[in-house]
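One structure below.
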């Protein structure tokens, strides 16, 4: 008897739908794991960036016996309230991060930042992001565009060009920003008194492993129950955008304090620290170790330093709290 081969077996519609459903379920199960793995890799790279900044600060300290200034106000040239940008800690670390060519091209130890920004060649450097200062979890590294206009430079000619962003901020105080804070990064009146008021290892009475040096600040963080994220401003890579006098708003460009909690979803986050890492943010300690600090860490807002995160931000408050405990 001749075999009929004209008919072939195939999936029925029901079987096809079942296969598609199974594939969909598998993808839905795998996708969170893939996303978590990617975020873990981004967080590791972010930690490595902070590690390099901390080690550069140590190299700076080994050479000059002090930490770099948080922000420099050039009183001698431009009076007590010069509303122009000037160099901050990141610019002074370039020579210790194999980026000395940028420091030389910008003449960091020569002209103030707002004068450098008037030079088209130097401005092109100021507007180019540097990977070591950007956390991968914050998104693609891009030149500043109109979305970042508020974070502009204030030049000697009164122009307001863009500048590159930074994901990392120096720790200035256990609460709001202050001239002579308890943190490691100060605001200096002049560039002519190197070392006269700078912080050094000898002044960290609470121990370098118990004192914060750098932390993260992301551009946007989510607000529970609100579709519009909070704009925390991130940082400006090269320094502070201006001296605002008494209210310290200008210094939020590259310095931060703990006026509010980590990842605090209101405009106060522009003074503090935040990240896109779930549950907290990365910090570099003064001993160059890296710690991920939860946004639920003890923090009592207001009054004197009396909580874990405030103790960590202060270098000599007599409360050497350790995250290793």
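In table form, for the structure just shown:
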read-out: Number of the exception - residue 276 against (1) surrounded by 21 or more Cβ atoms within 10 Å (Cβ to Cβ); (2) farther than 13 Å from residue 172 by Cα; (3) touching a strand residue (DSSP E or B) at 6+ places or on another chain (Cβ under 6 Å); value: (3)
read-out: Subset of the range 300-325 (residues that are at pLDDT 85 or above and either under 18 Å from residue 181 (Cα atoms) or not in a loop (DSSP other than H, G, I, E, B) (or both)); value: 306, 307, 308, 309, 310, 311, 312, 313, 314, 315
read-out: Every residue from the range 40-78 that is surrounded by fewer than 24 Cβ atoms within 10 Å (Cβ to Cβ), within 21 Å of residue 182 (Cβ to Cβ), touching a strand residue (DSSP E or B) at 6+ places or on another chain (Cβ under 9 Å) and modelled with pLDDT under 95; value: none
read-out: Hits in the range 110-128 - residues which are modelled with pLDDT under 90 and more than 16 Å from residue 240 (Cα to Cα); value: 110, 128
read-out: Selected residue (criterion: nearest to residue 206 (Cα to Cα)) from residues of the range 143-177 that are in a loop (DSSP other than H, G, I, E, B) and modelled with pLDDT under 75; value: 152
read-out: Condition broken by residue 292, with the remaining ones in (1) crowded, with 19+ Cβ neighbours inside 10 Å; (2) under 24 Å from residue 89 (Cβ atoms) satisfied; value: (1)
read-out: Qualifying positions in the range 98-108 - under 21 Å from residue 55 (Cβ atoms), out of contact with any strand residue (DSSP E or B) (no Cβ under 8 Å at 6 or more places or on another chain) and not in a helix (DSSP H, G or I); value: 98, 99
read-out: Residue within the range 261-282 that is part of a strand (DSSP E or B), without any contact (Cβ under 8 Å) to a residue 40 or more places away in the chain, within 26 Å of residue 319 (Cα to Cα) and within 14 Å of the chain's Cα centre (by Cα) present; value: yes
read-out: Number of positions in the range 227-254 that are touching a strand residue (DSSP E or B) at 6+ places or on another chain (Cβ under 6 Å), part of a helix (DSSP H, G or I) and at pLDDT 80 or above; value: 2
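The values are calculated or read from the model by the stated rules, or taken from the named source; none is laboratory data. Because the structure is a prediction, the values reported are computed rather than measured. With ideal geometry, Cβ positions are generated from the backbone for all residues, glycine too; neighbour counts draw on all protein chains shown.
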